[in-house]
Structures are given as structure tokens and as C-alpha cells.
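The values are calculated or read from the model by the stated rules, or taken from the named source; none is laboratory data. The model shown is predicted, which means the values in this text are computed figures rather than measured ones. Here the Cβ positions follow ideal geometry from the backbone for every residue, glycine too, while neighbour counts run over all protein chains shown. For accessibility, only protein heavy atoms count, side chains too; no ligands or nucleic acids. Shrake-Rupley method; radii C 1.70, N 1.55, O 1.52, S 1.80 Å.
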Amino acid sequence: MSRRVAVGADHAGVDLKDELAALLRERGFDVEDRGTSGHGSVDYPDFAHAVCADVTSGHSELGLLVCGTGLGMSMAANRHLGIRAALCAEPFSARMARMHNDANVLCMGARVVGAGLAEEILSVFLATAFEGGRHARRVAKIEPASDPTAD
Ligand code: RB5
């Protein structure tokens, strides 16, 4: 069965998102494209929330979000319980985000990285598995306790 990746972008990230979506399809991934689809000005959180809903529901295994800097997308994505979004501008962070943090959403800034570097970052992110072990305990502690005042 193919792995599915949900992708989303705002107007600043749409061209890079489309290039990366094409790369994903070439490599046999199913792509759930949550937009945007043109260059008209839009609000990045709308697309971050759509992609994150796809991932938290289990419809997609991973998410990819692109805006101008990647910052707004990562901030919006990390408001979702169960989402661990990593903003990456080089491959080392992408690898570590998967190995140690079990990141399930990759964010990039189209005004920060070129297409070649973005492809490399995405490739590393997709190819790297979570190490588990001591990292699983730490990742579990990322989620806020449901009620810290409860007995
Ligand atoms: C849009 O101009 C820009 O603010 C957005 O793409 C992103 O960089 C926000 O974090």
C-alpha cells in the first residue's frame, strides 16, 4: 500500500508545494493536496489546519506544509494535539526530527530554501524512521497533560 502525504501551502509556498507534490507522486506516494492552488493571497493557518486534520485522523501518514518562511505553518500545525511539526532548512534537522522527535509534519519556507534543497530535505524526512526507545518517552512528554491539577 502506498504511503500518503498531505500537502498544503499558502500563496508564497504554492509553487514549491506543487513541485514537491510532483516529486512525491513520481516516487510512488499518494498525495492529498489540501491547496492552495493559485497565487491569490490566502491565510496559511487554513491550510495548516487542513493538513494536520488529515494526519491526526490517520488519513495521511505525514504532512508537508510550505509558506514563505515556514514559520506560520509550523506555529499553526503545532497547535494540534498529536502533531509534531518540524521547520527545516537543511537535511540534518529533517533527519533528526524523524529519528528523535517522530515528527509527522515537515514545514519549509519557500523564501528560505531553493527547490533543490527542499527536495533533499523532503527526501531525508521521508526516508528516516523514528528510533523509539528513550525518544519515545520524551516524545510522549511533549503532549500537555490533560488536567495537570487532577489527582
Ligand atoms: C505571506 O506573505 C507570509 O507571511 C507567509 O507565507 C508566511 O511566511 C508566514 O509565516
Result of the Cβ filter at 6 Å on region 62-78, keeping first residues that are over 17 Å from A97 (Cα atoms) and partners that are among the polar types (S, T, N, Q) and near the ligand (Cβ under 7 Å from one of its atoms), at least 6 apart or interchain, is none
Set E120, E131: member being among the charged types (D, E, K, R), within 20 Å of T69 (Cα to Cα), open to solvent by 70 Å² or more (accessible area, probe 1.4 Å) and out of contact with any Phe, Trp or Tyr (no Cβ under 9 Å at 6 or more places or on another chain): E120
Kindly indicate the residue of region 51-92 that is more than 16 Å from the ligand (Cβ to nearest atom) and among the hydrophobic types (A, V, I, L, M, F, W, C) and also nearest to V112 (Cα to Cα) among those meeting that condition. F92
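Does G58 satisfy the condition of being modelled with pLDDT of 95 or more, surrounded by fewer than 12 Cβ atoms within 10 Å (Cβ to Cβ), of a type in the set (G, A, S) and under 28 Å from H11 (Cβ atoms)?
On the way: modelled with pLDDT of 95 or more: yes; surrounded by fewer than 12 Cβ atoms within 10 Å (Cβ to Cβ): yes; of a type in the set (G, A, S): yes; under 28 Å from H11 (Cβ atoms): no.
No, not satisfied.
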Say we look at region 6-43 and pick out the residues that are in a loop (DSSP other than H, G, I, E, B) and of a type in the set (D, E); which of these is surrounded by the most Cβ atoms within 10 Å (Cβ to Cβ)? D10
Do we find a residue being away from the ligand (no atom under 14 Å from the Cβ), closer than 17 Å to D54 by Cβ and free of Cβ contacts under 8 Å to residues at least 12 places away in the same chain anywhere in region 2-22? no
Without any contact (Cβ under 8 Å) to a residue 60 or more places away in the chain and among the small types (G, A, S): which single residue out of A136, A110, A118 fits that description? A136
